[in-house]
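Some notes on the structure that comes next.
Bear in mind these aren't lab numbers, they're just calculated from the coordinates by the rules spelled out. This structure is a prediction, so every number in the text was calculated from the model and none was measured. Counting neighbours? That spans all protein chains shown, and the Cβs are built from the backbone with ideal geometry, glycine included.
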Amino acid sequence: MAVAGAIQSSAQFRIGPKVGVAVNSLHFNRSTFDSENRAGFTGGLMVEFTVPLIGVGLDASALYVRRNGNAYYDGTQNVGFNGEMNVNRDYIAIPVNFKWKLKLPLVRPFITTGPEFAFLTSRKSVNNAFRNKSVDYSWNFGAGLEILSHIQVAASYGIGINKALRDIGAAENAYDVSANDRTWVITLAYLF
């Protein structure tokens, strides 16, 4: 009981701003489509709860995220458009990560993993051929460094779990085109 009380009393709760770059690509289920990585941005507020003795904790953020994308269609099937399609989407994203941090004097490396829930704030339809999903779920894997106990630099990779983009006419035709997000995010946070 005394050990649990000592761990609980030494737990740290911190909060601060977080900004970064999001590099997104769409992973289509049809080979007639292709996409390229495109840079967007992210920014918001981060909270962190850590048990210092064992270096395990959670971090969560509320972030505005702009995911930019381009998709290309080779024209072999009629799905509502030909050529290039811009897919720029805005979200309020809430990543919740389990975090393990090494306790070192000046620089503390850490790894993270956890789910992200992104709520669409921009328009749903894209070129009258596709529809963005209202909620995008992904699983993130990341690593980073905490410098001087306040600055965190991190990189993570998010794998889309659900379909972020779907052909509007999928129910009426046999093409059923959809895409998942794949996102690299590099962030800088300052925690108080």
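Calculate one ³J(HN,Hα) per residue across segment 48-55 by plugging θ = phi - 60° into the Karplus curve 6.51 cos²θ - 1.76 cosθ + 1.60, and present them in order as whole Hz with x for glycine and proline.
9, 10, 10, 9, x, 4, 10, x
What does the charge count around Gln12 come to, taking other residues whose C-beta lies under 13 Å from its C-beta (Lys +1, Arg +1, Asp -1, Glu -1)?
Charge balance in the 13 Å sphere: +2.
What is the gain in length, in nm to one decimal, between Val96 and Leu145 on full extension, counting 0.36 nm per residue of separation less the C-alpha to C-alpha distance?
Full-extension gain reported as 15.9 nm.
Can you give me the long-range amide H partners of Asn88? Hydrogens built in the peptide plane at 1.01 Å from N, cutoff under 5 Å, separation of 5 or more residues or another chain.
Sorted by chain and number, the residues that satisfy this are Gly69.
Pop a pseudo-label 7 angstrom from the Cα along the beta-carbon direction at both Leu53 and Lys124 and give the gap in nm to one decimal.
For Leu53 paired with Lys124, the spin-label model returns 5.1 nm.
As an exercise, use a Förster radius of 25 Å and the Cβ-Cβ distance of Ile159 and Ser134 to find the FRET efficiency, rounded to the nearest 0.05.
On the way: r = 19 Å, r/R0 = 0.78.
For Ile159 and Ser134, the calculated efficiency is 0.80.
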